[in-house]
Amino acid sequence: MTFKVLFHEGPEASLATRGRIGRLKLTPDAAVIDSDPPVVIPHEALRSVELFRMHNTGRMLKVTHSGGTLFITVVRFSLFGFFALVNYFATGELAELWKRRMPAGHDD
């Protein structure tokens, strides 16, 4: 299953943060975001997947892994990485799929 996503790699995200657009695919071994440059997060590297509402405007995931932090949301469309219409239900579905792939013993 693939998802059109808006994402940001870094320790924090705010309404002023410019995101990047890509297509996320959860493979048996890793999450792969097809963008420029591509992002690959092995499932073994996952530490936590947190679903939250950013400023009460839409759902977003905070994915903590051994290489850093990824903020990501599933979108219907995006304008230049600054404005996006979030797919509320697909973001929740992605959170559940990703949590199932976390190694045992890590927080979710």
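The values are calculated or read from the model by the stated rules, or taken from the named source; none is laboratory data. Just so we're clear, the structure is a prediction, and the values are computed from it rather than from any experiment. Because the Cβ atoms are built from the backbone with ideal geometry, glycine has one as well, and the counts that use them run over all protein chains shown.
Considering only segment 76-102, state which residues are of a type in the set (Val, Ile, Thr) and at pLDDT below 95.
Val86
Restricting to segment 56-69, name every residue that is within 21 Å of Ser35 (Cα to Cα) and out of contact with any Ser or Thr (no Cβ under 8 Å at 6 or more places or on another chain).
Residues satisfying the conditions are His65, Ser66, Gly67, Gly68, Thr69.
Could you list, in sequence order, the residues of segment 25-47 that are touching a helix residue (DSSP H, G or I) at 6+ places or on another chain (Cβ under 9 Å) and touching a residue at least 24 places away in the same chain (Cβ under 8 Å)?
Selection gives Leu26, Ala31, His43, Leu46.
Which pairs have Cβ atoms under 7 Å, sit 6 or more apart or on different chains, and link a residue in segment 4-16 that is within 19 Å of Tyr88 (Cβ to Cβ) to one that is crowded, with 16+ Cβ neighbours inside 10 Å and of a type in the set (S, T, N, Q)?
Val5/Thr73; Leu6/Thr73; Leu6/Ser78
Would you confirm whether or not segment 90-104 contains a residue that is in contact (Cβ under 8 Å) with a residue 60 or more places away in the chain, in contact with a helix residue (DSSP H, G or I) (Cβ under 8 Å, 6 or more places away or on another chain) and farther than 12 Å from Leu6 by Cα?
yes
Looking at segment 92-102, is at least one residue at negative phi, assigned to a strand (DSSP E or B) and surrounded by 19 or more Cβ atoms within 10 Å (Cβ to Cβ)?
Checking segment 92-102: not a single residue is at negative phi, assigned to a strand (DSSP E or B) and surrounded by 19 or more Cβ atoms within 10 Å (Cβ to Cβ).
Would you list the strands (runs of 3 or more DSSP E) that sit entirely within segment 1-73 and hold 2 or more residues that are closer than 16 Å to Ala84 by Cβ and in contact with a Leu (Cβ under 9 Å, 6 or more places away or on another chain)?
2-9, 20-26, 59-65
Taking the criterion of being surrounded by 14 or more Cβ atoms within 10 Å (Cβ to Cβ) and under 16 Å from Gly10 (Cα atoms), would at least one residue in segment 23-32 satisfy it?
No, every residue in segment 23-32 fails to be surrounded by 14 or more Cβ atoms within 10 Å (Cβ to Cβ) and under 16 Å from Gly10 (Cα atoms).
Could you list, in sequence order, the residues of segment 47-91 that are crowded, with 16+ Cβ neighbours inside 10 Å and of a type in the set (Lys, Arg)?
Correct list: Arg59, Lys62.
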